[in-house]
Amino acid sequence: MIGCLEGSPAVPDGWPPAIARAVSGLGARPGFRGSEGQCAETALEDSPVAAVALRGLGAAGEVDELALECWLRRTVEQARTNGVSRLAVALPDHPVAGADHAERLLRQLAGGSYRFDRFLARKEKTERTLELARFVPSPGQEGAFQAALPAARTIARAVTLARDLGNMPPNDATPDWLEAQARQVGAELGFEVEVLDVEALIRRGMGGILSVGRGARCPPRLVRLRKARPGPAVALVGKGITFDSGGLSIKPAASMEEMKHDKCGAVTALAIATAAAELDLPISLSVYLPIAENMPDGDAYRPGDILRCYSGKTVEVINTDAEGRLILADALSLAVEEGAEHLLELSTLTGHCVIALGEAAAGLFTPDDDLAAALLGSAARAGERLWRLPLWREFSEEMQGAHADLRNSASRWGGASTAAAFLAEFVGPLRRWAHIDLAGPAHRKEEGSASTGATGYGVALATHWLRGLARE
């Protein structure tokens, strides 16, 4: 598959004469201009290459990084769907296919063939294997792409891990299961792993995690992974609700099956840790995964309950479907207590953020302008959209309680910011902390597409940010 710009179907240097002739012939076909989405294909006889295809990207001035990424993803998806077993891809001669974007494009190419197929019949799995036979960068960029390949592969593997774990169904992906995944990652990559079970949570007074998990058959817990090294002390906190029914404030039935993705914050944090370890970043990394299942039963927590969190602050429960912030409250307090200098929390926290930004971007909340700039810059380099939203004093005031220090839900207006303001109550004096609400881009629903499900959003941007910290 060769990407071409409008009016310039270029032949990659060094390709065999038969392919060069085929490309020239395709480009000369009546009506073919290389317009966006336009495709021309021809079979080759007496050649190890079965077919050559040109796919248009449109006018050079209208092609950006996102357009090229989408082209790569669709190219690989369509090849796999059509039963192609070996694929060669050539990029056009364009600035967005250059050195500055090499790692991002290689990662997109590596992830383009992703398919969550472990529950499909074996016949379907084996019929849809795809090998990338060759990748041709734009002219003069070969060295840059070769240099970017190791990190791109590492991050792509971490993204795949996040997608695989995020897509697991809730009958398998219980709190026990998620703990086991964390233990496995820790053992393979040299992390110290500690698990706070129900008894330990009670001793520590972690009423947020305990309350949310009370209605489920599988008990809650908090998993911490730690790898101490010389360098900045960084904490990652990820929301691990393995299934969110809404509790007694039960969700409507429509799309409730998507609530298996409410663990995406935790699996993303776990995947980021694998990338950081494999890249051997000189940072002291701790990962906190509060894990629970939010279910209704006779022991479930109720609207009107008042619970005490690890920080000592009390919270009046207004809505049991605002559960993520309660389990995060305990984890955030512990991370700060244990010396985090930089703290990044990731969670599918609110539908309000999806209403504000759609499914294409996550919301960023932080009181620190330098941290915001670093995360926004990392997101741009990684190709993951991130948008900063406010943490004004009014949002904090709205979360103050009448009969407790705080309440876990307020009015429907500004709900993403009031949720972030609630979290801010549990980080104490630490300013270099950020909350990323990835409820929108954490998973997608595309009927008939292999891309349906968890996306692994946040792994690339956070890994890029950690690499920046490691260089400081």
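Between Trp413, Met399, Ala373, the Cα set farthest toward the positive side of the dipole of the range 371-421 (charges on each charged residue's Cβ, about the Cα centre) is that of Ala373. Counted by Cβ distance under 13 Å from Ser347, the other residues give a net charge of -2, where Lys and Arg count +1 and Asp and Glu count -1.
Surface calculation, 1.4 Å probe, protein heavy atoms: Thr452 sits at approximately 60 Å² accessible.
Annotation for Cys70 and Arg412: the two label points, set 7 Å from Cα along the Cα-Cβ direction, are 3.1 nm apart. If you plug the beta carbon distance of Ala51 and Glu142 into 1/(1 + (r/R0)^6) with R0 = 35 Å, you get a FRET efficiency near 0.90. Across the range 313-322, rounded Karplus estimates of 3J(HN,Hα) from the backbone phi angles (6.51 cos²θ - 1.76 cosθ + 1.60, θ = phi - 60°) give 6, 9, 9, 8, 7, 9, 9, 6, 7, 9 Hz, Gly and Pro being marked x. What is the angle, in °, between the Cα long axis of helix 369-382 and the longest principal axis of the Cα atoms in the chain? Nearest 10 is fine, range 0 to 90. The angle comes out near 30 degrees.
Checking (i) 165; (ii) 185; (iii) 151 against volume of the Cα convex hull per residue in Å³ calculated from these atoms, the matching label is (iii). What FRET efficiency comes out for the pair Arg153/Lys445, r = Cβ-Cβ distance, R0 = 25 Å, nearest 0.05? Here the calculated transfer efficiency is 0.35. At full extension, Ala18 and Ala180 could sit 53.0 nm farther apart than now, given 0.36 nm per residue minus the alpha carbon distance. For the range 363-384, the residues whose amide N sits under 20 Å from a probe point set 7 Å from the Cα of Arg471 along the beta carbon direction are 370-384. Applying 1/(1 + (r/R0)^6) with r as the Cβ-Cβ distance of Ser35 and Ser85 and R0 = 35 angstrom yields a FRET efficiency of 0.75.
Separation of the range 284-321 and the range 146-163, taken as the distance between their Cα centroids, equals 35 angstrom. Counting only DSSP beta bridges with both residues in the chain, the antiparallel share comes to about 45 percent. Using only Cα atoms, tell me the angle between helix 102-111 and the longest principal axis of the chain; keep it within 0 to 90° and round to the nearest 10. So the inclination is approximately 80 degrees.
The C-alpha atoms of the chain define a longest principal axis, and helix 415-424 lies at about 60 degrees to it. Between the C-alpha center of the range 70-103 and that of the range 51-68 there is a gap of 10 Å. The order of the peptides 453-466, 366-379 by mean Cβ neighbours within 10 Å, most packed first, is 453-466, 366-379. Per-peptide packing, taken as the mean over residues of other Cβ atoms within 10 Å, places 228-236, 174-182 in the sequence 174-182, 228-236 from highest down. Annotated for the chain: lysine pairs at least 8 residues apart or interchain, Cα distance under 14 Å, count 4.
Which residues in the range 298-315 have a backbone N closer than 20 Å to a point placed 7 Å from the Cα of Ala402 along the Cα-to-Cβ line? Those under the cut-off are 302-308, 314-315.
Dipole check for the range 343-440: with +1 at the C-beta of Lys and Arg, -1 at the C-beta of Asp and Glu, and the Cα centre as origin, the magnitude is about 160 Debye. Sorting the segments 324-330, 52-58, 276-282 by their mean number of nearby beta carbons within 10 angstrom, highest to lowest, gives 324-330, 52-58, 276-282. The range 192-209 and the range 377-411 have Cα centres separated by 26 Å. Around the Cα centre of the chain, unit charges on the Cβ atoms of Lys, Arg, Asp and Glu (plus for the first two, minus for the last two) sum to a dipole of about 580 debye.
Ignoring ligands, DNA and RNA, what percent of the 1.4 Å accessible area of the range 290-438 is carbon and sulfur? Here it works out to 50 percent. Residue by residue, the range 33-50 carries 3J(HN,Hα) couplings of 10, x, 5, 4, x, 6, 9, 9, 9, 8, 7, 10, 9, 6, 9, x, 8, 6 Hz when phi is fed to the Karplus relation 6.51 cos²θ - 1.76 cosθ + 1.60 (θ = phi - 60°); x denotes Gly or Pro. Counting only DSSP beta bridges with both residues in the range 1-102, the antiparallel share comes to about 60 percent.
The values are calculated or read from the model by the stated rules, or taken from the named source; none is laboratory data. Just so we're clear, the structure is a prediction, and the values are computed from it rather than from any experiment. Note: ideal-geometry Cβ built from the backbone for every residue, glycine included; neighbour counts use all protein chains shown. The area values use the complete protein model at the heavy-atom level, side chains included, leaving out ligands, DNA and RNA. Shrake-Rupley method; radii C 1.70, N 1.55, O 1.52, S 1.80 Å.
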